[in-house]
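Novice: For reference, the structure I am asking about is given below.
The values are calculated or read from the model by the stated rules, or taken from the named source; none is laboratory data. The structure displayed is predicted, hence computed values, not measured ones. Positions of Cβ are generated from backbone atoms using ideal geometry, with glycine treated the same way; all protein chains shown enter the neighbour counts. What goes into the accessible areas is simple: the full protein's heavy atoms, side chains included, and nothing from ligands, DNA or RNA. Shrake-Rupley method; radii C 1.70, N 1.55, O 1.52, S 1.80 Å.
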Amino acid sequence: MQDLTVGIAQLHDWLKSGDVTSLDLVAASFARIGAIDSAVQAFLTVTEEAALVRAKENAGKTPDGILDGIPFALKDNMATRGVKTTCGSRILEEYIPPYSATVMDRLDAAGGVLVGKLNMDEFAMGSSTENSGFFPTRNPWNLGTVPGGSSGGAAAAVASGMVPYALGSDTGGSIRQPAAYCGVVGLKPTYGRVSRYGLVAYASSLDQIGPLTRTVEDAALVLQAIAGYDHRDSTSVNLPVPDYMTALTGDIRGLRIGLPKDYFAHDMDAGMRKVMDAAMEVLRGLGAELVEVELPHTEYALSAYYLIAPAEASSNLARYDGVRYGFRAKDAENLLDMYNKTRSRGFGTEVKRRILIGTYALSSGYYDAYYKRAQQVRTLIRRDFETAFERVDLVFAPTAPTTAFKLGEKTSDPLTMYLSDIYTIPVNLAGLPAISVPCGLIDGMPAGLQLIGRMFDEATVLRAAHAYEQATEWTGKRPQAIGGQA
Amino acid sequence: MSLSKKDVEYVAALARLHVTEVEKEALSAELSRILEYAGELKKLDLAGVEPTSHVGVTQTVVRKDEPRASLPLATVLANAPDAEEDQFKVPAILEG
Amino acid sequence: MALETVIGLEIHVELATKTKIFCNCANEFGAPPNTHVCPVCMGSPGVLPVLNEEALGLGIRAALALNCEVRRDSKFDRKNYFYPDNPKAYQISQYDEPIGEHGYVEIMVGEEKRRIGITRVHLEEDAGKLNHAAFEDASYVDFNRAGVPLIEIVSEPDIRSAEEARLFLEELKAIMQYCLISDCKMEEGSLRCDANISLRPVGQETLGTKTEIKNMNSFRNVQRGLEYERSRQAAMLGAGESISQQTLRWDEASATTVVMRSKEDAHDYRYFPDPDLPRIRLAEEYIEERGREIPELPSARRDRFERGYGLPAYDAGVLTAMRSLADYFDETAKHVTDPKTASNLIMGEILAYLNAAGKDIANLPMRPRQLADLIGLVEDGTISTKIAKDVLKGMMSSGKDANAIIAEQGLVQISDEGQLREIALRVIAANPKSVADYLAGKDKAIGALVGQVMKETKGKANPQLINKIIAELIRQA
């Protein structure tokens, strides 16, 4: 059985040599899922039948491109024609989309083989995957802890070797934070770099699709395949996509990296502080110049985010009304009753909470005080980064304040859960690209280092992350909890 | 800023969510805390600061006025909780 | 106490695009239910809107044709409300930055020219259609119309009577049709009108309490609905009662307004900028181009028809009500010596024929040049006016040239004096009584004799000539 954690380039080489077929890789994926997913619970749907048919079609043929014949999985908020897309919600439990997301079409065109759909916090609202409408996913490093969220299924599946890579979505940190918690690489591209067409919207002005992978190189390869203008998404940017592989030179001499004093001023967890200091040393050692920068409006980012995201969500989730698709309460007395019962039963607690907050923030008389004010703060946060990027090429930060927490530890208090996204949220508000790379273990659990780049400068983000990764041994570390090896 | 039970009722009605009396109590406390946190923003002087509603694309995006095939009727209705006579069926709508 | 009526209108016009505003489904009326539906217009999870450039262009053309200022920088907003015909539970519309503002339309009320202000013109998407079951506790939704591009036009409260409201609507419709913005068929819902009406004592500045009237589905009903509501409000005020702010529905069967909603229900639409659609930023040249798409508008054309062709105001009004009719007349008039003859035929025989056949003049097989040729044949005496009307019928149904029909049916006018004299002699001999009457001073008696000649020639005799010949012959006798 092939080890799916060896990196995409290696898998591609195997396929090219003819020693291994796509069917072998797909079978390896299902074998691994079969062996450990009852414990990890990363998948909501496995598409074994369709995947095997497709892999057999590919059997014996030399791969056309780097992703050809290689299995992957999608967070379950990306539409897949003919395959259930639940968004982790009971309200879409039986929903089968009539079309596929652009990212699905692109990976499909590149020869990728979809093996299944991954668990997530319902409608991507959460930081632990405990808000899934179906079941929580476990962190493969310690099954008693959360994998992070909302792309927790994606991070856990990649970390435990069930798939070589997966796509997640990131609205306030939902790729980067679970990547950090699970010890894998997670990239949130610039807003507009990857088409959102077919991504079930949470907060439309913040959502962005990106890869979760074993290595930075793999992140570059997958981004290459999914990035670029899509005429079906008016917010996707019509800019050429650079060749990301050529960016991975390993050379970051003279690169200027900003250390936001506003991030480190907080009373940071001692373990995290130590890991961050070590990472800074590595970067310095590689010839990067570390410069202190100011992001003075950071303290307002969370407040702004928790108005903007719920406001947009309250509108985006209004379409789940039991009329055209999805769950409908059967015992309704009239139309209003059908709406109320359908939505109250179909949505989970956190989703309802955010819909209510968002509805309030937009409601008559409060729009200026809340939503508009939050959008103004967003402008200030963008300007903070713009000012910083006049002096530096990248901004350095922890991905999350801590490592993975225990299941149930934060479910009782929404606010403390929200705080776990403190370092990732400003990036979404500004629309910037950022990556989380493994940078050490704290008490045996992985920590992530975040590198934030200028708009559309994924290349520099990837270059620095790759150089760091090559200089350290953190990437590719395997969790012991579910058996380190496939 | 705190949210009264009445506020919760108003917002829940707008959002078409049914909340029980018990939930109302809990929600008004929870939402008040979140809004209090959001109230931090009031400390900032935002006079003259333009709101950001979009990032990235700044040009007008349009497409050509060219018809393409719609979905087959069966696909349109495939996920419908209730359909009849090629249409989506819903409880009767009262005038107004 | 004299009361003044104050009316403002809100008009929705469906744009004549090929596709919907945010997806590529066909924009077509009358298709079987749910056959013009895709993931985007049915609001499937994950879909995104992309603006139809033609809808944007037509919206701007409309704004310019209504003398509006066009915003160089505007946006789309979401209007949030639940309704089964509203697939996303929000309508993409424009809230505080409409594409056009501060315009006006001029109408003629009798001899007086009145200017009705246009507050705003904005782009939005239409909702689906709800069908109500007759005997069942259910409604049915068809999403074919969901996403059809609309403009909403809001007038200032400048309208002072139900008649003015109808005149304004007629003018607006003509402008939209001239500019090829919409076919404006009220019966198909491509033009819909709601009205706000209030009364106040003459001379008072502040507005009275208004009611809103919906469901007036024809121009006639707009006028009737507003007239009814004006007298209802006047009677209430006269009796010392106060008007309550309500939304009313015009009920055609009872010819009354019926309460739909008492008070304004707490509508809280929670508008906010749609994050899925980047701002609309328009270049000057782009707006200028849209301006160049606007043809001569009805009012200008009316003036030209009166001054240029010397037509009576009534004729100019009828002929310019529809662009196709005005185009037809214009093209015909170019090739005739007396445009009034063309006007008479178009307003008379041709419109009657079109109305009976339920056709538009644009689809009439007879082209303007052919009509002009027919008129020429009358003017040069080849055929009589009476024959011309028969020939015209043949031309309208077949599209054949006048000459072809005349030749086929041998309808050329007889102007040969010798031939006519022979027939006249026979007729005089056979009708001594008419001759005697004529000689006794009854001039009219000659008519009977002319009629006989016409009968014998199957109407082909040149009537002026035959009159002259008979008179001469009798006097000679």
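Novice: In segment C:175-239, which trypsin sites (Lys or Arg not before Pro) fall in coil by DSSP and have 16 or fewer other Cβ atoms within 10 Å?
Specialist: Answer by residue number: C:K185.
Novice: Using only the Cα atoms of the protein assembly as shown, what semi-axes does the equivalent ellipsoid have when each is the square root of 5 times a gyration tensor eigenvalue? Give whole Å, largest first.
Specialist: Values for the protein assembly as shown, descending: 73, 33, 26 Å.
Novice: How about segment A:346-447: which chymotrypsin sites (Phe, Trp or Tyr not before Pro) there are in a DSSP loop, with at most 15 other Cβ atoms within 10 Å of their Cβ?
Specialist: none
Novice: Going by a 1.4 Å probe on protein heavy atoms, which residues of segment A:84-133 end up with at least 10 Å² less accessible surface in the whole assembly than in their chain alone?
Specialist: A:Y95, A:I96, A:P98, A:Y99
Novice: Could I ask something else about it? Roughly how large is the C-A contact in terms of buried accessible area, totalled over both chains, probe 1.4 Å, nearest 100 Å²?
Specialist: Interface between C and A: roughly 2700 Å².
Novice: Same structure again: Is it possible to state the helix-based mean residue ellipticity at 222 nm for chain B, with each DSSP H run of 4+ residues giving -39500 (n - 2.57), the sum divided by total residues, to the nearest 500 deg cm²/dmol? What is it?
Specialist: -10500 deg cm²/dmol
Novice: Highest mean first, what order results for A:166-172, A:135-141, C:51-57 on Cβ atoms within 10 Å?
Specialist: My ranking of the peptides, most packed first, is A:166-172, A:135-141, C:51-57.
Novice: If you don't mind, another one. How far, in degrees from 0 to 90, does helix C:417-430 lean away from the longest principal axis of the Cα atoms of chain C, to the nearest 10?
Specialist: Relative to chain C, helix C:417-430 is tipped by roughly 80 degrees.
Novice: In whole Hz, with x marking every Gly and Pro, tabulate ³J(HN,Hα) for segment A:23-28 from phi via Karplus 6.51 cos²θ - 1.76 cosθ + 1.60, θ = phi - 60°.
Specialist: Per-residue couplings from phi come out as 4, 4, 5, 5, 5, 4 Hz.
Novice: If we count GluC sites (Glu not before Pro) as exposed when they sit in a DSSP loop and have at most 14 other beta carbons within 10 Å, what is the longest stretch of chain B that avoids them all?
Specialist: By the stated rule (loop sites, at most 14 other Cβ atoms within 10 Å), B:1-84.
Novice: Right, something else. Output the pairs from C:K334/C:K458; A:K84/A:K352; C:K18/C:K75; A:K274/B:K43; B:K89/C:K359 with a Cα-Cα distance over 27 Å in this structure; if there are none, say none.
Specialist: C:K334/C:K458; A:K274/B:K43; B:K89/C:K359
Novice: Using a/c under 1.5 as the rounded threshold, could you call segment A:377-424 rounded, prolate or oblate? The axes a ≥ b ≥ c are square roots of the C-alpha gyration tensor eigenvalues, and prolate needs a/b larger than b/c, oblate otherwise.
Specialist: It is oblate, given that a/c is not under 1.5 and a/b is not larger than b/c.
Novice: Can you give the average number of partner chain beta-carbon atoms within 10 Å of each beta-carbon in peptide C:15-24, as a whole number?
Specialist: Mean partner-chain Cβ count within 10 Å for C:15-24: 3.
Novice: Ranked highest first by average number of other Cβ atoms within 10 Å, how do C:273-284, A:245-256 line up?
Specialist: C:273-284, A:245-256
Novice: Under the 0.36 nm per residue contour assumption, what length would be gained going from the current alpha-carbon distance of C:H335 and C:A321 to full extension?
Specialist: Working it through step by step, the gained length comes to 2.8 nm.
Novice: Kirkwood Rh and Cα-based Rg: tell me the resulting Rg over Rh for segment C:338-414, rounded to two decimals.
Specialist: 0.94
Novice: Hey, can you grab everything whose amide H is under 5 Å from the amide H of C:A138? Only 5+ residues off in sequence or another chain; H modelled, so Pro and N-termini drop out.
Specialist: It is B:A92, C:A133, by chain and number.
Novice: Here is a follow-up. From largest accessible area down, sort C:V412, C:V453; use a 1.4 Å probe on the protein chains.
Specialist: Correct descending sequence by accessible area is C:V412, C:V453.
Novice: Something else about it: Give me a single rounded figure for C:87-97: the average over its residues of other chain Cβ atoms within 10 Å of their Cβ.
Specialist: 2
Novice: Order the peptides C:130-142, C:310-322 from the highest to the lowest mean number of other Cβ atoms within 10 Å of their residues.
Specialist: Output ranking for C:130-142, C:310-322: C:310-322, C:130-142.
Novice: Using a 1.4 Å probe, what is the accessible area per residue for the protein assembly as shown, in Å²?
Specialist: 38 Å²
Novice: Taking the Cβ of A:S195 as the centre, find all other residues whose Cβ is under 10 Å away and add up their charges (Lys, Arg: +1; Asp, Glu: -1).
Specialist: +1
Novice: Could you run the numbers on buried accessible area between A and B, total for both chains, 1.4 angstrom probe, in Å² to the nearest 100?
Specialist: Interface area, both chains combined: 5000 Å², rounded to the nearest 100.
Novice: Let me ask something additional. Within segment C:356-383, name every residue whose backbone N is under 12 Å away from a label modeled 7 Å from Cα of C:N403 along the Cβ vector.
Specialist: Correct set: C:373-374, C:377.
Novice: Can you run phi through the Karplus equation (6.51, -1.76, 1.60; θ = phi - 60°) for segment C:204-214 and list ³J(HN,Hα) in whole Hz, with x for Gly and Pro?
Specialist: Couplings: 7, 7, 6, 7, x, 5, 9, 10, 10, 10, 10 Hz.
Novice: Check C:R249: other-chain or 5+ apart residues with amide H under 5 Å from its amide H, H built from backbone geometry?
Specialist: Distant-sequence amide H within range of C:R249: C:K214, C:V258, C:V259, C:M260.
Novice: While we're on this one: Residue-wise, which Karplus ³J(HN,Hα) couplings in Hz belong to segment C:337-349, taking 6.51 cos²θ - 1.76 cosθ + 1.60, θ = phi - 60°, and x for glycine or proline?
Specialist: Each residue's phi maps through the Karplus curve to give 7, 10, x, 5, 4, 4, 4, 4, 5, 5, 5, x, 4 Hz.
Novice: Could you compute the net charge surrounding C:L130? Neighbours are other residues with a C-beta less than 9 Å from the C-beta of C:L130; K and R count +1, D and E count -1.
Specialist: Charge balance in the 9 Å sphere: -1.
Novice: Between segment C:162-190 and segment A:369-438, what is the separation of their alpha carbon centroids in Å?
Specialist: The distance from the Cα centre of segment C:162-190 to that of segment A:369-438 comes to 53 Å.
Novice: Same structure, new question: Could you work out the local net charge near C:Q223, counting Lys and Arg as +1, Asp and Glu as -1, over the other residues with Cβ closer than 9 Å to its Cβ?
Specialist: Result for the local shell: +1.
Novice: Counting only protein heavy atoms and using a 1.4 Å probe, what share of the accessible area of the protein assembly as shown belongs to carbon plus sulfur, as a whole percent?
Specialist: The nonpolar share, carbon plus sulfur, comes to 50 percent.
Novice: Tell me the total accessible area that C and B bury against each other, 1.4 angstrom probe, in square angstrom rounded to 100.
Specialist: In total, this chain pair buries about 3700 Å².
Novice: Would you mind classifying segment C:417-476 by shape? Square roots of the alpha carbon gyration tensor eigenvalues, ordered a ≥ b ≥ c; an a/c under 1.5 is rounded, otherwise it is prolate if a/b is larger than b/c and oblate if not.
Specialist: Prolate.
Novice: Also, I was wondering about something else. Please compute the average number of Cβ atoms from other chains found within 10 Å of each residue's Cβ in peptide A:201-207.
Specialist: Taking all residues of A:201-207 together, the mean is 4.
Novice: Please identify every one of the GluC sites (Glu not before Pro) in segment C:182-256 that sits in a loop by DSSP and has no more than 15 other beta carbons within 10 Å of its own beta carbon.
Specialist: Those that pass, being in a loop and sparsely packed, are C:E205, C:E241, C:E252.
Novice: List the residues of segment A:394-429 for which accessible area in the full set of protein chains is at least 40 Å² lower than for the chain on its own; 1.4 Å probe, protein heavy atoms only.
Specialist: Those are A:L415, which lose 40 Å² or more relative to the chain on its own.
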